[in-house]
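Chemist: Could you have a look at this structure, given as C-alpha cells, before my questions?
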Amino acid sequence: MTQLPIHVAGANGRMGKEIIRLICEDVAVILGGALEPPKSPVQGLDAGLNAGLKNLNIPITSDLGSLLSAKKGVIIDFSHHTATLENVTCAVKAGSPIVIGTTGFSPEESAQIHAAAKLIPILQSPNMSLGVNLMLTLVANAAKALDADFDIEILEAHHKLKQDAPSGTALKLAEVICAATDRHFPGDLKTGRNGITGARTKKEIGMQVIRGGDIVGDHTVFYCGEGERLEIRHVATSRATFAKGALHAAKWLAGKAPGLYGMPDVLGL
C-alpha cells in the first residue's frame, strides 16, 4: 500500500505535535516533512523526538519547497497566518493540496487563499471537529426558526496562549447565523461592550471572549427570548479531536480538483 505523505506546518505547536503523533499511528499516511520558521529554536531537531515520539529521521525545516520536490503529498497547516500564505504559495508552485486550520486572516489574506484555490485544492476550516461542524448547521437552523423573537449572543473561551480573538470558530458561527437570517456579517457583529452602549439592536449578534488556563475550546450560542433561553454549546476537551479531523481532511483532499473546500464537504453535512 502506498502511503500518503503529509507535511506538517507548525510542527512545534500543540496541534502540530498532535498531528505528527496521529500520522505515526496511521498506516495509510507517512510524515513527509515538518516545518517551522527559520528562526525557530527547534530548527534541525528530529520531528519525532520533538513531539515526544521515537526518532523519525525527519529534521524540522523551513524549506517547504524542497520537501514538496522530494515528496509531493498534502500539507496540513496550523502555523501562523503570515506563514500560511507563504506555504500556500509553495503549494501552488508544487500543485500540492493544503489543509488550513490556521485562523486570524485579514480580508486581504483570505482573498489570496480564495485565489489560490482556483489552482489547487484547499480545505480551510477554523475548526476540524465533527461536533463543531454539526453545530454550525444547528445554530443556523435555530436562528432561522427563532429569528423574530430571540436575541443572539456568542461566548467563546480558549487557552491563554491563543493569539487571535475572537476565535475563527466563533466568527464562523456568526457568519452562518447571518447567512440564515436577515443580518449582515460582519456589520451586525458586536465584539465586546463597554460603557453606555444603549439598548442592543434587534439584528445585533454580541460576541464575548474568554482567554485563560488550558481551555481547549468552548463555544456557546445563546438565543435569548422573553421568558426562555436556548443554548447550543460545544466543548472540546482534547486537541486530538481537531488533529483527527485535520488528518481525515488531508486524506479526503488528496486527488480532489482545485477548489475551496470545508469540513462539511469532508463529512457530507
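Chemist: For the stretch 190-261, with only Lys/Arg (+1) and Asp/Glu (-1) charged at the beta-carbon, what is the dipole magnitude about the Cα centre, in debye rounded to 20?
Modeler: Working: 12 positive and 6 negative charges, 58 e Å.
So the dipole magnitude of the stretch 190-261 works out to roughly 280 debye.
Chemist: Near GLY259, within a Cβ-to-Cβ distance under 10 Å, what is the net charge of the other residues, with Lys and Arg +1 and Asp and Glu -1? Don't jump to the answer; show the numbers that get you there.
Modeler: Working: positive: LYS118, LYS256; negative: ASP265.
That sum, taken over residues with Cβ under 10 Å, equals +1.
Chemist: Something else about it: May I ask which residue of THR61, PRO126, VAL88 lies farthest towards the positive end of the charge dipole of the stretch 28-162, with charges of +1 (Lys, Arg) and -1 (Asp, Glu) on Cβ and the Cα centre as origin?
Modeler: It is THR61.
Chemist: Shifting gears a bit: Using a cut-off of 12 Å between beta-carbons, work out the net charge of the residues near ALA83 (Lys and Arg +1, Asp and Glu -1, ALA83 not included). Intermediate results must be reported in sequence, preceding the final value.
Modeler: On the way: positive: LYS39; negative: GLU36, ASP77, GLU86, GLU109.
In short, -3.
Chemist: A further question follows. Considering only the other residues whose Cβ falls under 11 Å of the Cβ of HIS159, what net charge follows from Lys and Arg at +1 and Asp and Glu at -1? Spell out each step's value before the answer.
Modeler: Details: positive: ARG14, LYS160, LYS162, ARG211, ARG239; negative: ASP214, ASP218.
Net of charged neighbours comes to +3.
Chemist: Put one equal scatterer on each alpha carbon of the stretch 158-269, apply the Debye formula with no solvent term, and list log10 I(q)/I(0) at q = 0.10, 0.19, 0.23 1/Å to two decimals.
Modeler: At q = 0.10, 0.19, 0.23 Å⁻¹ the computed log10 ratios are -0.41, -1.23, -1.41.
Chemist: Could you line up PHE242, PHE105 from fewest to most neighbouring Cβ atoms inside 10 Å? List each step's numbers first, then the result.
Modeler: Working: PHE242 23, PHE105 20.
Ordered by Cβ neighbours within 10 Å, fewest first: PHE105, PHE242.
Chemist: Given Cα pairs under 8 Å that are at least 6 residues apart, what percent is the relative contact order of the chain?
Modeler: Working: 526 pairs, mean separation 54.7, N = 269.
Once divided by the residue count of the chain, the mean separation gives 20 percent.
Chemist: Of all DSSP beta bridges in the stretch 1-150, what percent run antiparallel (nearest 5)? Display every interim value, and only then the final one.
Modeler: Working: 1 of 18 bridges.
Of the beta bridges lying entirely in the stretch 1-150, close to 5 percent run antiparallel.
Chemist: If you don't mind, another one. Distance between Cα centroids, the stretch 24-81 to the stretch 84-138: provide it in whole Å.
Modeler: The stretch 24-81 and the stretch 84-138 have Cα centres spaced 19 Å from each other.
Chemist: Now for a separate question. Taking a cut-off of 34 Å, what percent of all Cα-Cα pairs in the chain are separated by more than that? Intermediate results must be reported in sequence, preceding the final value.
Modeler: Details: 7827 of 36046 pairs.
So the pairs more than 34 Å apart make up 22 percent of the total in the chain.
Chemist: Please determine, in degrees from 0 to 90 and to the nearest 10, the orientation of helix 130-146 with respect to the longest principal axis defined by the Cα atoms of the chain, where the helix direction is its Cα long axis.
Modeler: 20 degrees
Chemist: Which of the peptides 65-76, 218-229 is most tightly packed, and how do the rest follow, going by the mean number of other Cβ atoms within 10 Å of each residue? Could the numbers behind the result be given before it?
Modeler: Numbers: 65-76: 19.7, 218-229: 15.4.
With the highest mean Cβ count within 10 Å placed first, the list reads 65-76, 218-229.
Chemist: Starting with the highest mean, order 117-126, 252-261, 173-182 by the number of other Cβ atoms within 10 Å, averaged over the residues of each peptide.
Modeler: Details: 117-126: 21.2, 252-261: 15.4, 173-182: 19.5.
Listed from highest to lowest mean packing, they are 117-126, 173-182, 252-261.
Chemist: Going by the alpha-carbon gyration tensor, a ≥ b ≥ c the square roots of its eigenvalues, is the stretch 167-221 rounded (a/c under 1.5) or, if a/c is not under 1.5, prolate (a/b greater than b/c) versus oblate?
Modeler: Details: a/c = 2.92, a/b = 1.27, b/c = 2.31.
Cα axes put the stretch 167-221 in the oblate bin.
Chemist: Follow-up question, since we're still on this one. Rounded to the nearest 500 deg cm²/dmol, what is the calculated helix-only ellipticity per residue at 222 nm for the chain, with -39500 (n - 2.57) per DSSP H run of length n ≥ 4?
Modeler: Working: 9 runs with 96 residues, N = 269.
The helix contribution divided over the chain gives -10500 deg cm²/dmol.
Chemist: I've got another one for you. For the stretch 1-154, what ratio Rg/Rh do Cα atoms give with a Kirkwood hydrodynamic radius?
Modeler: Details: Rg = 17.8 Å, Rh = 16.8 Å.
Checking Rg against Rh, the ratio lands at 1.06.
Chemist: Return the long-range amide H neighbours of LYS190 (sequence gap of 5 or more, or a different chain), with a cut-off of under 5 Å between placed amide H atoms.
Modeler: ILE205, GLY206, MET207
Chemist: Next question, about the same structure. Rounded, prolate or oblate: which fits the stretch 1-76, taking a ≥ b ≥ c as square roots of the Cα gyration tensor eigenvalues, rounded meaning a/c under 1.5, else prolate when a/b beats b/c? List each step's numbers first, then the result.
Modeler: On the way: a/c = 1.78, a/b = 1.19, b/c = 1.50.
Judged from the Cα gyration tensor, the stretch 1-76 comes out oblate (a/c at least 1.5, b/c at or above a/b).
Chemist: Let me ask you something else. Percent relative contact order of the stretch 156-259, based on C-alpha pairs within less than 8 angstrom and at least six residues apart? Numbers along the way, then the final one.
Modeler: Numbers: 108 pairs, mean separation 30.6, N = 104.
Computed value for the stretch 156-259: 29 percent relative contact order.
Chemist: Quick one: if the Förster radius is 30 Å, what FRET efficiency do VAL27 and LEU134 give, using the C-beta to C-beta distance and rounding to 0.05? Walk me through the numbers on the way to the answer.
Modeler: Values: r = 28 Å, r/R0 = 0.94.
E(calc), rounded to 0.05, equals 0.60.
Chemist: While we're here: Assign unit charges at the C-beta atoms only (+1 for Lys and Arg, -1 for Asp and Glu), then state the dipole size of the stretch 114-194 relative to its Cα centre in Debye, rounded to the nearest 20. Show your work: numbers first, answer last.
Modeler: Values: 8 positive and 9 negative charges, 76 e Å.
Here the size comes out at about 360 debye.
Chemist: Same structure again: Given the peptides 10-17, 185-192, arrange them by the average over their residues of other C-beta atoms within 10 Å, most packed first.
Modeler: Working: 10-17: 22.1, 185-192: 15.1.
Listed from highest to lowest mean packing, they are 10-17, 185-192.
Chemist: Rounded to the nearest 20 debye, what is the charge dipole size of the stretch 81-217 about its Cα centre when +1 sits on each Lys and Arg Cβ and -1 on each Asp and Glu Cβ? Provide the component values of the computation, followed by the final result.
Modeler: Details: 13 positive and 14 negative charges, 19 e Å.
I would put it at about 100 debye.
Chemist: PRE reach from ARG200 (point 7 Å along Cα→Cβ): which of the stretch 150-164 fall under 17 Å by backbone N?
Modeler: Within reach of a label on ARG200, which here means backbone N under 17 Å from a point 7 Å along Cα→Cβ, the stretch 150-164 contributes 150-157.
Bear in mind these aren't lab numbers, they're just calculated from the coordinates by the rules spelled out. Owing to the predicted nature of the structure, the values given are computational and were not obtained by experimental measurement. For neighbour counting, all protein chains shown are included, and Cβ atoms are generated from backbone atoms with ideal geometry for every residue, glycine included.
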